[in-house]
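Novice: Handing you a structure now.
The values are calculated or read from the model by the stated rules, or taken from the named source; none is laboratory data. Keep in mind that this is a model prediction, so the values were computed, not measured. With ideal geometry, Cβ positions are generated from the backbone for all residues, glycine too; neighbour counts draw on all protein chains shown. The area values use the complete protein model at the heavy-atom level, side chains included, leaving out ligands, DNA and RNA. Shrake-Rupley method; radii C 1.70, N 1.55, O 1.52, S 1.80 Å.
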Amino acid sequence: MIRTRFAPSPNGPLHLGHAYAALVAHDLARARNGEFLLRIEDIDGERSRAEFVEEFFLDLAWLGLNWDSETRFQSRRLASYAEAGERLKAMDLLYPCRCTRAEIAAAATQMGPDGPVYPGTCRHREVDPEGAAWRLDVTRALDMTGPLEWIDERAGPQRATPEIFGDVVLLRKDLPASYHLAATLDDAADGITLVTRGMDLFPASHVHRLLQALLGLPVPVWHHHPLLVEPDGRKLAKRRGSPSLGDRRRAGEDGKAIVAALRQARFPAGISLSSGVDLSA
Ligand code: GLU
């Protein structure tokens, strides 16, 4: 049986792009007689807000997308992230780093999927771990695992190239996790067999595949779907004027009709589905 998920972060309201992501994950599960879970990715204490979570529930009900079993909250799973972090430290795969964004930008010689690639400044340095972030030594990790592959059911088999991100942060200075570590552990804990999310997160799956190998986690299949984009090719965003689902709901629009239209690839004027997405958006 397959199990998919929709995993929004409550740092802003949902918009049409999220409705599309939720319906893709929902419909894949329903079409294959599987399960669809909702996970709230609320570990970012500074940006996560409970009001947005309340809105998510209202939005999904209005769209007519029902999820199975209880909602998962990342904020309740910090202990499991910390435990995995300790295991990776014990494997000598993490090192502390106190570099600032500006220092990294100044020293970087390469761009990666998330911006300037960390050039490894602290990899072989003595750094006070108190209040530091912890980075994964990706070269050492890959030496340990050997070559890895993963499968996206739309794009086909992929060779994992987590090195495109450089030594990613796995434990933030303010948290016992980062997106990569939390999402990977949660997908395993939730028994997700088909990780369904937008193409913008395709590169992240290289890192997640590596973490699965290091931590002995089951390996799912991935389904990265195209994103809804504006005429300029950039993904929809509230800050660029795309109304939130809450705005549409309160204005009396019919959520189920919106889902029906999205299912038939009928989009509002100026919006389209893109595979060649400008990931800088
Ligand atoms: N929480 C992420 C987001 O809102 C999605 C994470 C995922 O699907 O892996 O963009």
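Novice: Suppose every Lys and Arg Cβ carries +1 and every Asp and Glu Cβ carries -1, with no other charges. What dipole size does region 47-141 come out with about its Cα centre, to the nearest 20 debye?
Specialist: For this selection, approximately 360 debye.
Novice: Hey, in the chain, which Cys have no second cysteine's beta-carbon closer than 4.7 Å?
Specialist: So far as the 4.7 Å Cβ criterion goes, CYS99 stand without a partner in the chain.
Novice: In a Gaussian network model over the chain where Cα atoms closer than 10 Å are linked, find which of ARG135, ARG39, ARG248 has the largest mean-square fluctuation.
Specialist: Looking only at ARG135, ARG39, ARG248, the largest GNM fluctuation is found for ARG248.
Novice: Among 185-195, 122-132, how do they line up from the highest to the lowest mean number of other beta-carbon atoms within 10 Å? Show your work: numbers first, answer last.
Specialist: Numbers: 185-195: 19.8, 122-132: 12.1.
By packing density, highest mean first, the sequence is 185-195, 122-132.
Novice: On to the next question. Only Lys, Arg, Asp and Glu count, each charged at its Cβ (+1, +1, -1, -1), so figure out the dipole size of region 128-281 about its Cα centre, rounded to 20 debye.
Specialist: So the magnitude is around 760 debye.
Novice: Please state, as a whole number in µm²/s, the translational diffusion coefficient that the Stokes-Einstein equation yields for region 126-281 at 10 °C and 1.306 mPa s, with Rh defined as the Kirkwood radius across alpha carbon pairs. Don't skip to the answer; put the middle values down first.
Specialist: Numbers: Rh = 18.0 Å.
The estimated diffusion coefficient comes to 88 µm²/s.
Novice: So for region 22-61, considering every pair of alpha-carbon atoms, how many percent are separated by more than 14 Å?
Specialist: So the pairs more than 14 Å apart make up 57 percent of the total in region 22-61.
Novice: Which three extents, in whole angstrom, do the alpha-carbon atoms of region 1-51 cover along their principal axes, largest first?
Specialist: Largest to smallest, the principal-axis extents are 38, 21, 12 Å.
Novice: So what is the 222 nm mean residue ellipticity for the chain from helices alone, if each DSSP H run of at least 4 adds -39500 (n - 2.57) and you divide by all residues, rounding to the nearest 500 deg cm²/dmol?
Specialist: -10000 deg cm²/dmol
Novice: Dipole of region 6-72 (Lys/Arg Cβ +1, Asp/Glu Cβ -1, origin at the Cα centre): which of LEU65, ALA31, GLY12 lies farthest to the positive side?
Specialist: Farthest towards the positive pole: ALA31.
Novice: Can you compute the charge dipole magnitude of region 103-188 about its Cα centre, using +1 on each Lys and Arg Cβ and -1 on each Asp and Glu Cβ, nothing else charged? Give it in debye, rounded to the nearest 20.
Specialist: Numbers: 8 positive and 15 negative charges, 34 e Å.
That gives a dipole near 160 debye.
Novice: Shifting gears a bit: Taking every DSSP beta bridge that has both residues in the chain, what percent is antiparallel when rounded to the nearest 5?
Specialist: Percentage antiparallel, nearest 5: 55.
Novice: Expressed as a fraction of 2.2 N^0.38 Å, the rule-of-thumb size for a compact globular protein of N residues, what is the C-alpha radius of gyration of region 64-146? Don't skip to the answer; put the middle values down first.
Specialist: On the way: Rg = 16.9 Å, N = 83, 2.2 N^0.38 = 11.8 Å.
Output field value: 1.43.
Novice: Shifting gears a bit: Would you calculate the separation in nanometres between label points at SER75 and ASP143, each defined as 7 Å from the Cα along the Cα-to-beta-carbon direction?
Specialist: Using points 7 Å along Cα→Cβ, the separation is 4.1 nm.
Novice: Express the carbon and sulfur contribution to the solvent-accessible surface of the chain as a percent, rounded to the nearest whole number, probe 1.4 angstrom.
Specialist: Roughly 51 percent of what the probe reaches on the chain is carbon or sulfur.
Novice: Right, another one. Cα atoms only, region 123-170: Rg and Dmax in Å?
Specialist: 14.3, 44
Novice: Give, as ranges by residue number, the residues of region 14-33 whose backbone N falls under 15 Å from the point 7 Å along Cα→Cβ of ARG240.
Specialist: Flagged as within label range: 15-18.
Novice: Send over a whole-number figure in Å² for the accessible area per residue of the chain, probe 1.4 Å.
Specialist: Normalised by residue count, the accessible surface of the chain is 47 Å².
Novice: Fully extended, how many nm does the chain gain between GLN110 and ARG30 (0.36 nm per residue separation, minus their Cα-Cα distance)?
Specialist: Result: 24.6 nm gained on full extension.
Novice: Looking at the chain, what % of the alpha carbon pairs are farther apart than 35 Å?
Specialist: Above the 35 Å cut-off, the chain has 18 percent of its Cα pairs.
Novice: Go ahead and run the numbers for FRET between GLN158 and ALA269, Cβ-Cβ distance against an R0 of 41 Å, rounding to 0.05.
Specialist: E(calc), rounded to 0.05, equals 0.70.
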